[in-house]
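Reading through the structure tokens given below for one structure.
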Amino acid sequence: MTPRRRIIVIGGSAAGPKAAAKARRIDNNAQVVILQKDPDLSMASCGYPYYVGGYFDDRNMLLSTTTGVTRNPLFYLNAKDIEAKVNTEVTSIDPKKHSVSYKNIATGETGSLVYDKLVIATGSVPSMPPVPGTDLQGITTLQSMKDADFLRKVRDEGKIKKAVVIGGGLIGICSPFWTGSWQNLWKTMSAARARTSSPRTASQPF
């Protein structure tokens, strides 16, 4: 019997789950594993401004299929035969041994997996302006579910009078539009600037 090859995908936001699903379609016999540092999977990041702005209240809408099923590890296992490990940070990659070491940041458990193919889909890193004060309270990015939850909490508290959005990409452009629904508490400006991000790296074709 031919052993199952293992395809590991690092990253579980948007590109990672898509790559894992594509790998499953190409090779129905392979073992496909997603390693995701965050507790959530397959987040619809383009919807962050709408959630933050109060267009809808259920954060699970950012994590669900069109039929309302939450895309959690159980969903990926049952629907796609893909093993998704959340709260799992990759600590090292050994290309010579074709192995990945990881740590569960919730339990402290460590382990390693050998792979036949590796896809790195960890996404980008927000580019903070090179100016003093970016570490002050109230300054944040909108790049993750954690960021969206924080800004939604700020919105719900209703104490903010004015905000500035720096960034002219999709999320940056959408944020001022929907922050206008915050009971007119936020006067928002969008300062477009070139976005830089760390490159995404993928393995060779499956």
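I need the shape label for the range 1-56. Rule: rounded when a/c is under 1.5, else prolate if a/b > b/c, else oblate, with a, b, c from the alpha carbon gyration tensor. It comes out prolate by the Cα gyration axes.
Measuring between alpha carbons in the structure, the pairs from LYS18/LYS97; LYS22/LYS96; LYS22/LYS85; LYS80/LYS103 lying more than 22 angstrom apart are LYS18/LYS97; LYS22/LYS96; LYS80/LYS103. Can you classify the range 1-147 as rounded, prolate or oblate using the Cα gyration tensor, where a ≥ b ≥ c are the square roots of its eigenvalues, rounded means a/c under 1.5, and otherwise it's prolate if a/b beats b/c and oblate if not? Cα axes put the range 1-147 in the oblate bin.
Got a sec? Which residues in the range 109-131 would a label at ILE166 touch, if it sits 7 Å along Cα→Cβ and we count backbone N under 13 Å? Those under the cut-off are 126-131.
Using the crude model of +1 on Lys and Arg Cβ and -1 on Asp and Glu Cβ, and no other charge, please compute the dipole size for the range 1-115 relative to its Cα centre, in debye to 20. Can you show the working numbers first?
Values: 15 positive and 10 negative charges, 114 e Å.
That gives the range 1-115 a dipole magnitude of about 540 debye.
When you count, for each residue, the other Cβ atoms within 10 Å and take the mean per peptide, how do 29-35, 56-62 rank with the highest first?
Ranked from most to least packed, the peptides come out as 29-35, 56-62.
Laboratory data are not the source of any read-out in this text; all were calculated from the coordinates shown. Everything quoted here is computed from the prediction, not taken from an experiment. Quick reminder, even Gly has a Cβ in these numbers, built from the backbone with ideal geometry, and neighbours come from all protein chains shown.
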